[in-house]
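The values are calculated or read from the model by the stated rules, or taken from the named source; none is laboratory data. None of these values were measured; they are calculated from a predicted model. A quick note on method: Cβ atoms are made from the backbone with ideal geometry, for glycine too, and the neighbour counts reach across all protein chains shown. Surface accessibility is based on the protein's heavy atoms, side chains included, excluding ligands, DNA and RNA. Shrake-Rupley method; radii C 1.70, N 1.55, O 1.52, S 1.80 Å.
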Amino acid sequence: EEGAPGRRGERERSEEPPVERGPGAAFHMFVLMEDLLDKLKLLSYEEEALRRHNMRPLSRHYFALPTNPGEQFFMFCTLAAWLISKAGRPFEQPQEYDDPNAVISNVLSELRSF
């Protein structure tokens, strides 16, 4: 039946048209990661955050490519905790084997309080 709602590939009238994505859209995450890295460098993340935890500096595409999700998650949590602390809020540094759901919940809770 043509026009039946819920059929694959068909849209109801109230839905908005799909967003057109150009050929460069696939590389947008790489640009965002490079911008993030530039901002972290301006905040001296290498000296203040990484040396304290004996971690290597991020590559230009560290979060753009899924290489080691566990390591990437811990790095994200470490940077999030450092940024929250840098903003003047006391925040306990998560440990590598903490429950990921609890860590994210704490980060989100702290960010909502801003």
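Observations on the structure shown:
- Every test in (1) over 28 Å from Y97 (Cα atoms); (2) exposed (fewer than 12 other Cβ atoms within 10 Å of the Cβ); (3) modelled with pLDDT of 85 or more is passed by E15 save one, and that test is (3).
- Taking the listed residues S85, S105, the one that is in a helix (DSSP H, G or I), open to solvent by 60 Å² or more (accessible area, probe 1.4 Å) and at pLDDT 90 or above is S105, with no other qualifying.
- Residues of segment 81-110 classified as over 22 Å from E48 (Cα atoms) and among the polar types (S, T, N, Q), total: 3
- Taking the criterion of being under 17 Å from L40 (Cβ atoms) and over 14 Å from the mean Cα position of the chain (by Cα), the only residue of segment 92-114 that qualifies is Q93.
- Residue in segment 49-60 that is aliphatic (A, V, I, L, M), under 17 Å from Q93 (Cβ atoms), more than 14 Å from the chain's Cα centre (by Cα) and part of a loop (DSSP other than H, G, I, E, B) present: yes
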